[in-house]
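Structure first, commentary second.
The values are calculated or read from the model by the stated rules, or taken from the named source; none is laboratory data. What you see is a predicted model, and the numbers here were worked out from it, not measured in a lab. Glycine also receives a Cβ, built like all others from the backbone with ideal geometry; neighbour counts cover every protein chain displayed.
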Amino acid sequence: MQAIRIALTASFLGLFGFAGLFANYGAPASASFDIKTENQPNMSNSISALLTRNLNDVFGENDPVRRRKAIDEIFTQDAVFYDPKGGVYRGRDEIDRIAGELRVMHRDFRYQPIGEPEEVGNGGRVRWTEGRPGEAPAVAGTDFIVARDGRIAAIYLFFDKLP
């Protein structure tokens, strides 16, 4: 009976294109994935590394060339970013565009993780604050990702109350 339930669930997920998001379900929290880019040799990225790079190298990066390079390295081509205000940004180009727009609004803000990233299967989360160095944080949030083939396939942003 359990095998039938698993087969039906896998068929349902595959039918709606979600099977890839859960391909690594059940992988140990310390699982890492190999990433290969055109300009870089093979590298290993854990869920924690993807979360940290997203904070610092994508949404925390002011230089558009470095930001785009990081996006190409850590996001799948068809990645989706969901923001809590209803925005849905599909693909690397849209993620690059919205990350750039956010940086323009507060170029001097820096992200500070609150604790270590947490991993479960092919997903993870990191809680963070953001603000000007030396001042009280202005914003708090949590990023939740789902990884596929060692890259971020989906990222969900939640705003939190300031600690």
- Mind checking whether some residue in the range 56-64 is part of a strand (DSSP E or B) and modelled with pLDDT of 95 or more? no
- Query: Do we have any residue at all in the range 64-86 that's of a type in the set (Val, Ile, Thr), exposed (fewer than 13 other Cβ atoms within 10 Å of the Cβ) and farther than 29 Å from PRO163 by Cβ?
  - Reply: yes
- Query: Conditions: (1) within 21 Å of SER46 (Cβ to Cβ); (2) not in a strand (DSSP E or B). ASP108 meets all but one. Number of the miss?
  - Reply: (1)
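Given the structure, is GLY134 out of contact with any Asp or Glu (no Cβ under 7 Å at 6 or more places or on another chain), without any contact (Cβ under 8 Å) to a residue 12 or more places away in the chain and surrounded by fewer than 20 Cβ atoms within 10 Å (Cβ to Cβ)?
yes
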- Query: What pairs come up if the first residue lies in the range 142-157 and is part of a loop (DSSP other than H, G, I, E, B), the second is among the hydroxyl-bearing types (Ser, Thr, Tyr) and modelled with pLDDT of 95 or more, and their beta carbons are under 8 Å apart, counting only those six or more places apart or on different chains?
  - Reply: ASP149/THR76
- Condition met for VAL126 (under 24 Å from PRO163 (Cα atoms), crowded, with 18+ Cβ neighbours inside 10 Å and either modelled with pLDDT of 95 or more or out of contact with any Cys (no Cβ under 7 Å at 6 or more places or on another chain) (or both)): yes
